[in-house]
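Colleague: Pasting in a structure now, in structure tokens, and then I'll have a few things to ask.
The values are calculated or read from the model by the stated rules, or taken from the named source; none is laboratory data. Because the structure is predicted, anything quoted here is derived from the model rather than measured. Neighbour counts run over all protein chains shown; Cβ positions are idealised from the backbone, glycine included.
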Amino acid sequence: MTLLCVPLVGRTVEEMKIDAAAAAAAGADLVEIRLDYIEGFRPREDLPRLLHSCPLPVLVTYRPNWEGGRYDGDDATRFETLYLAMELGVDYVDIELKVADKFVGFLSGNKPDKCKLIVSSHNYESTPSCEDLANLVARIQEVGADIVKVATTATDIVDVSRMFQVMVHCQVPMIGLVMSERGLMSRVLSPKFGGYLTFGILDATKTSASGQPTLEELLDIYNIRCIGPDTKVLGLIANPVKQSKSPILHNKCLQSVGYNAVYLPLLADDLARFLDTYSAPDFSGFSCSLPFKWMQYIVAMNMMLLLSQ
Ligand SMILES: O=C1C[C@@](O)(C(=O)O)C[C@@H](O)[C@@H]1O
């Protein structure tokens, strides 16, 4: 089962505690505490307060600014804080691949068994080739990760297919996410491709990366708990597509007739490229809207021509 994780991005401990309670009430499986978001964070006082009676399992992330986070201090203090979190019983700690070797050395075998180490890599510009992604995954595995995490950026919706290909072949638990609106599919279809975890935010003001859906959308619109390897993918291909109410309507219909499929908003830039990339039988039906409607006529005319020959 793919876990649903709510990132906590409050600026104070109190705000995070309120959001952790909201995440539990909304049906999340765990929370990610982004320590780098807390203003004036004091590890020894704030960490025990944050973890005390937290209603859900906890992933702790203390993201430095050189990897897209807000922490601008040194690694030594950061490593000590992450180790303190482990001692206090957190379930997961996230460390960036660039310093993972150093961190594993710092731990020198003292990581509590209960705590899983997530080694992460972020690319805020693009999504590399399948080969480069696979090499990245291998490097993360080598460093001793319990869970591999790769977050890239989609400049075109077809980029997501490379992440899926790498995820299905990964031999260890993997979190594979593609940021930006064009990458939404990677977040919703995570259970179809064996993703260990996917992020859902509490509301639009509480994002920790671009393209994150809300937890409510994942649960109530896309019915993510029912998505699995056999789920068919349907959707609306359009640009823009965010405004469409189609996913709400179609997913309700699919659920009401018990058909194992999910209907997604698909923000595409080139229809032919999209159809060429997502041609596997599981991507089994699409609606088409502006600016691609004219393409339907060309396809229909080609078919008529073929039939008449
Ligand atoms: O590394 C990740 C993944 C993420 O960037 C995302 O794309 O959802 C969100 C971050 O909070 C988390 O630390």
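Colleague: Residues of the range 254-271 being surrounded by 12 or more Cβ atoms within 10 Å (Cβ to Cβ), among the hydrophobic types (A, V, I, L, M, F, W, C) and without any contact (Cβ under 8 Å) to a residue 40 or more places away in the chain, which ones?
Modeller: Answer for the range 254-271, where residues must be surrounded by 12 or more Cβ atoms within 10 Å (Cβ to Cβ), among the hydrophobic types (A, V, I, L, M, F, W, C) and without any contact (Cβ under 8 Å) to a residue 40 or more places away in the chain: L254, A261, L271.
Colleague: Follow-up question, since we're still on this one. Could you identify the single residue in K114, K98, K102 that is over 20 Å from V9 (Cα atoms) and in contact with a Gly (Cβ under 9 Å, 6 or more places away or on another chain)? Explain how you work it out, then say what you get.
Modeller: Working: K98 fails: in contact with a Gly (Cβ under 9 Å, 6 or more places away or on another chain); K102 fails: in contact with a Gly (Cβ under 9 Å, 6 or more places away or on another chain).
Answer to the selection: K114.
Colleague: Within the range 37-76, which residues are under 22 Å from the mean Cα position of the chain (by Cα), closer than 17 Å to K206 by Cα and among the charged types (D, E, K, R)?
Modeller: Listed by number, the residues that qualify are R63, R70.
Colleague: Does any residue in the range 139-161 that is farther than 16 Å from L189 by Cα come within less than 7 Å, Cβ to Cβ, of a residue that is more than 16 Å from the ligand (Cβ to nearest atom) and polar (S, T, N, Q) six or more places away or on a different chain, and which pairs are these?
Modeller: Cβ pairs passing all conditions: V148/Q141.
Colleague: Which of the helices (runs of 4 or more DSSP H) found entirely inside the range 127-215 contain at least 2 residues meeting this: β-branched (V, I, T) and in contact with a helix residue (DSSP H, G or I) (Cβ under 7 Å, 6 or more places away or on another chain)? Walk me through it before giving the result.
Modeller: Values: elements: 130-142, 159-169, 184-188.
Result: 130-142, 159-169.
Colleague: Right, here's the next one. Would you check if G73 is at pLDDT 95 or above, in a loop (DSSP other than H, G, I, E, B) and surrounded by 14 or more Cβ atoms within 10 Å (Cβ to Cβ)?
Modeller: Numbers: at pLDDT 95 or above: yes; in a loop (DSSP other than H, G, I, E, B): yes; surrounded by 14 or more Cβ atoms within 10 Å (Cβ to Cβ): no.
No, not satisfied.
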